[in-house]
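Enquirer: Mind looking over this structure? Questions follow.
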Amino acid sequence: MKLSVLDQAPVTKGNTALDALMKAEQLAIVAEELGYERMWMAEHHNTNGFASSAPEIIVAHLAAKTKKIRVGTGGTMIMHYSPYKMAEVFKTLSALAPGRIDFGAGRAPGGDNAAIYALAEGRQPDLHHLYEKLDTTLKFINDEAPESSIYNKMLATPAHVPLPEAWLLGSSGNSAVQAGRKGLGYSYAQFFNGFMEQGIFDAYRQNFVPSVYMEKPEIIVSYFVTTAESKEEAEFQAKPADISRMLMMRGQIVQRMTPEEAKDYPLSEMDQMFIKDSRKMHFVGTPQEVADKLLQEQHTFGFDEAMICTIPHSQEVRLNVYRLLAQQLM
């Protein structure tokens, strides 16, 4: 199985945003050594919990620190940016790291309403023409002139550089058909809600039209995982993430606690039921158990690549998750 990395540059308790960004660099280097296919940086705004607000800048840094692994965005939240500027950014990245850059486009805001309006300079954001905006961006990246009178006299530079791979992100299946029609890779976030059905991927494949960005259908599924040498250790390391998700669903955004703090965190019967149910979005267990689950999912849904996100408190534990999965699956 091809494995990849999704990093949100998490700022766990007792650590700083600078720590999180330096740990992203370390993770990219280790992932490359282990043979991971690619590493994507997420985009999050208006939060102290994640330091990845400008993933395209982190991507440039990671590309300079590595030699083979693909690096990209998972994703660039296209509602906030001009198609012309997005094209210039990713063409520049691809010129500097040819054959290694991924333009992963997302339609979500990556933040709350305050962040949406701040990024739009207080204007009403246009949430209804995101696919058209993506089309314009893709034309610019491919040195084509969009038909719009705003852009038809513009050239996105640097011109005539290697194309990045282009991916459309989704979490409900609504974007699957669009990804296929546009000839893009499709990246599905299983860990958003734990929901998967075969029809989503069938729709993508059935509607796929080859393009300059993708010759054949390619599907990545992103999973949230915690694994360790023993089931008990995996549960110990996983509990802060479970509590964090539970509190987030209640509107309480707090810095992710240590596993020692989480161990003693009081959980009501309802809390325990919530965490048990949330395990469909969080795979926890020994390396063999998690690997078996991922292989079962791949057999059922036929995706090409599993992208792993994990947020233990310790960086060494986080790196070990990727090492353990590589040993089992690659």
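Enquirer: Just the residues that are surrounded by 18 or more Cβ atoms within 10 Å (Cβ to Cβ) and basic (Lys, Arg), please, taken from region 141-185.
Expert: LYS182
Enquirer: Can I ask one more? Considering every residue within region 159-174, establish whether at least one is out of contact with any Ser or Thr (no Cβ under 9 Å at 6 or more places or on another chain) and hydrophobic (A, V, I, L, M, F, W, C).
Expert: yes
Enquirer: Could we say that VAL225 is within 27 Å of GLN315 (Cβ to Cβ), part of a strand (DSSP E or B) and in contact with a His (Cβ under 9 Å, 6 or more places away or on another chain) here?
Expert: Judged against the criteria, VAL225 is a match.
Enquirer: Can you name every residue in region 98-108 that is surrounded by 20 or more Cβ atoms within 10 Å (Cβ to Cβ) and either closer than 21 Å to ALA63 by Cα or touching a strand residue (DSSP E or B) at 6+ places or on another chain (Cβ under 7 Å) (or both)?
Expert: Those that are surrounded by 20 or more Cβ atoms within 10 Å (Cβ to Cβ) and either closer than 21 Å to ALA63 by Cα or touching a strand residue (DSSP E or B) at 6+ places or on another chain (Cβ under 7 Å) (or both): ARG100, ILE101, ASP102, PHE103, GLY104, ALA105, GLY106.
Enquirer: Still on this structure: Looking only at region 109-140, count every residue that is surrounded by 14 or more Cβ atoms within 10 Å (Cβ to Cβ), acidic (Asp, Glu) and part of a loop (DSSP other than H, G, I, E, B) and tell me the total.
Expert: Looking only at that region, the number is 0.
Enquirer: In this structure, is ALA63 farther than 19 Å from ALA108 by Cβ and surrounded by 16 or more Cβ atoms within 10 Å (Cβ to Cβ)?
Expert: yes
Enquirer: Would a scan of region 53-66 turn up a residue that is assigned to a strand (DSSP E or B) and within 23 Å of ASN320 (Cβ to Cβ)?
Expert: no
Enquirer: Of all residues in region 149-203 being among the charged types (D, E, K, R) and in a loop (DSSP other than H, G, I, E, B), which is farthest from MET39 (Cα to Cα)?
Expert: Filtering first and then ranking leaves LYS153.
Readers should treat all values here as calculations from the given coordinates under stated rules, not as data from a laboratory. Computed from a predicted structure; not experimentally measured. When we count neighbours, we look across all protein chains shown, and the Cβ atoms used for this are built from the backbone with ideal geometry, even at glycine.
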